[in-house]
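Q: My questions all concern the structure below.
The values are calculated or read from the model by the stated rules, or taken from the named source; none is laboratory data. What you see is a predicted model, and the numbers here were worked out from it, not measured in a lab. Note that we place each Cβ from the backbone using ideal geometry, even for glycine, and neighbour counts take in every protein chain shown.
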Amino acid sequence: MKTKTLSSLIYSTVSGNLKNFINLVIVQKDPRSKIPDIDKRKFLVPNDLSVAQFMYIIRRRIQLPPEKAMFLFVNKVLPATSATMGTIYEEHKATNGFLYIFYNGENTY
């Protein structure tokens, strides 16, 4: 009998039920960052959501003040804010089917 990992079970369940959504986005804070930790790390994201809109969601979840800048990185690359999350997912998803995004921030002045 073949045993499935938890991530493969989540991937197969979500990918079969929600066709208009990216399977799963895992958001993690860069360890060197001094901005707050996020309270929720796993997101189901619509394919047509822009990176800028997703960044706004993250900013609200960590309650980041406007004077702090925030950057999202996917595979150590800063994605275009006009790109859709579906495009980013297709280009950068991990072998387990998840998209890993790191966030970092700094003071703007």
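Q: Please work out which residue is nearest to Y103 (Cα to Cα), limiting yourself to the range 48-77 and to residues that are in contact with a His (Cβ under 9 Å, 6 or more places away or on another chain) and not polar (S, T, N, Q).
A: V74
Q: Taking the range 93-109 as the search range and keeping residues that are within 20 Å of S33 (Cβ to Cβ) and at pLDDT 90 or above, which one is surrounded by the most Cβ atoms within 10 Å (Cβ to Cβ)?
A: Step by step, filter the range 93-109, then rank; the result is I101.
Q: I'd like to verify a number: residues in the range 39-64 that are farther than 17 Å from N20 by Cβ and in a loop (DSSP other than H, G, I, E, B), how many?
A: So the count comes out to 5.
Q: Search the range 49-77 for residues that are over 21 Å from E91 (Cβ atoms) and β-branched (V, I, T) and pair each with any residue that is surrounded by 13 or more Cβ atoms within 10 Å (Cβ to Cβ) and modelled with pLDDT under 95 when their beta-carbon atoms are under 9 Å apart and the residues are at least 6 apart or on different chains.
A: Cβ pairs passing all conditions: I62/K29; I62/I35; I62/P36; I62/I38; I62/M70; I62/Y103; I62/G105.
Q: Identify, please: which residue in the range 24-63 is touching a strand residue (DSSP E or B) at 6+ places or on another chain (Cβ under 6 Å) and among the acidic types (D, E) and is, among those, nearest to V77 (Cα to Cα)?
A: Ranking the qualifying residues of the range 24-63, first place goes to D30.
Q: Could you list, in sequence order, the residues of the range 65-82 that are assigned to a strand (DSSP E or B) and of a type in the set (D, E, K, R)?
A: K68
Q: Further, regarding this structure: Out of all the residues in the range 26-38, which are out of contact with any helix residue (DSSP H, G or I) (no Cβ under 9 Å at 6 or more places or on another chain), in a loop (DSSP other than H, G, I, E, B) and of a type outside the set (S, T, N, Q)?
A: D30, P31, R32, K34
Q: Are there any pairs with C-beta distances below 8 angstrom linking a residue in the range 24-47 that is within 11 Å of L99 (Cβ to Cβ) to a residue that is assigned to a loop (DSSP other than H, G, I, E, B) and among the small types (G, A, S), with the two at least 6 apart or on different chains, and if so which?
A: Cβ pairs passing all conditions: L24/G97.
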